[in-house]
Amino acid sequence: IYKCGNEAQKQKYLPAMASMEKIGCFGLTEPESGSDASNLSTTATRKANGWVLNGQKRWIGNGTFADIYIIWAMNAETKQVNGFIVEKGTPGLTSTKIENKIGLRCVQNADIYLTDCFVTDDCRLPLATNFATGPGNCLFLTRLSTAWIACGMALGALESALEYTKQRKQFGQPLAKLQIIQERLARMLSICQSTALLVWRASVMCDDGKLSLGQVGLCKAHATSQARVVVSLAREIVGGNGMLTDYLVGKHFVDIEGLHTFEGSYDINVLVGMRELTGQSAIKPRK
Ligand SMILES: Cc1cc2nc3c(=O)[nH]c(=O)nc-3n(C[C@H](O)[C@H](O)[C@H](O)COP(=O)(O)OP(=O)(O)OC[C@H]3O[C@@H](n4cnc5c(N)ncnc54)[C@H](O)[C@@H]3O)c2cc1C
């Protein structure tokens, strides 16, 4: 709504969302459309005074209880991706919770079903006229925030592991006194610091309007892949206890997998970055 909505939509929804009175969700992914995100099967068909939405969404965070659903759908006429605000309780919109997620368990992800779901004209996001100006525009910012979350997870894992090495004794001495452990901690620290500096630099460039789509993709891909290295080392340092949910490193170990995959997987973000650098797109296989 902030990126693609008009003034009336911003006034109507954003204050309540900012104060958490209303919860939103972002409905892009579909059962058959994950990385190939612009190839949507959900359709938006023009009717008198509005639009009829039909299709299915998958993996939508907060989708079980959100007040406001942003649904991305293929405009049946223009064959371009458009965005729609659908309020909770709108006839034709239902959702079910995806069970058995291994990580990010505090977030509920949903399958969303749209069956002849009618929304009025003023629910369409006017600035989202295609994939790039719609969901792509939003993913630009969320890729940067995901990179920051990865930094936080890596730092959290490092802090937990460091504390553990000071407490845990083996062979009559704290783990922190062992050279191999110190080398691992040093590696984790250098990754945390260099990644945070990279993401900070990207954020400054973003504020200055100088960050490109390829750069934000590479930044997200680097931050999550490096955080993965850090949480893996942290889990190893905490030994058997690193397998327990009682210790934070185990939580980071599984949570980082979600970050590595959503907002464009590692692969997709790397390929978006390389498309910009080489001038060659390797995302879609050549027929
Ligand atoms: C915890 C979680 C929360 C999520 N929240 C949301 C949400 O709120 N809203 C929403 O819309 N979506 C959400 N998603 C969906 C997420 O964006 C997709 O999972 C993601 O885009 C990948 O799609 P996919 O899972 O279908 O994997 P696929 O696209 O099937 O990819 C499978 C593997 O193939 C690789 N791959 C695919 N295409 C290529 C290619 N061209 N070249 C090289 N490798 C490739 C991928 O990198 C991946 O490793 C969430 C997902 C998770 C796990």
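Residues are listed down the side, and each one gets a yes or a no for (1) within 14 Å of Val86 (Cα to Cα); (2) within 15 Å of the ligand (Cβ to nearest atom); (3) touching a residue at least 60 places away in the same chain (Cβ under 8 Å):
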position: Leu14; (1), (2), (3): no, no, no
position: Glu21; (1), (2), (3): no, no, no
position: Gly24; (1), (2), (3): yes, yes, no
position: Leu28; (1), (2), (3): yes, yes, yes
position: Ala37; (1), (2), (3): no, yes, yes
position: Leu40; (1), (2), (3): no, yes, no
position: Asn49; (1), (2), (3): no, no, yes
position: Phe65; (1), (2), (3): yes, yes, no
position: Asn75; (1), (2), (3): no, no, no
Top-ranked residue in region 241-268 [being surrounded by fewer than 21 Cβ atoms within 10 Å (Cβ to Cβ) and of a type in the set (Val, Ile, Thr); ranked as farthest from the ligand (Cβ to nearest atom)]
Thr245
Would you point out which residue out of Ala223, Ala186 is exposed (fewer than 13 other Cβ atoms within 10 Å of the Cβ) and at pLDDT 95 or above?
Ala186
Residue satisfying all of: in region 269-287; within 14 Å of the ligand (Cβ to nearest atom) and among the β-branched types (Val, Ile, Thr); surrounded by the most Cβ atoms within 10 Å (Cβ to Cβ) among these
Val272
May I ask you to verify whether Ile98 is touching a residue at least 12 places away in the same chain (Cβ under 8 Å), more than 8 Å from the ligand (Cβ to nearest atom) and under 22 Å from His260 (Cα atoms)?
yes
Is region 89-111 home to any residue that is at pLDDT 95 or above, within 18 Å of Gly5 (Cα to Cα) and touching a Leu at 6+ places or on another chain (Cβ under 7 Å)?
no
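The values are calculated or read from the model by the stated rules, or taken from the named source; none is laboratory data. Everything numeric in this text was worked out from a predicted model, so none of it was measured. All Cβ positions, glycine included, derive from the backbone under ideal geometry; neighbour counts span all protein chains shown.
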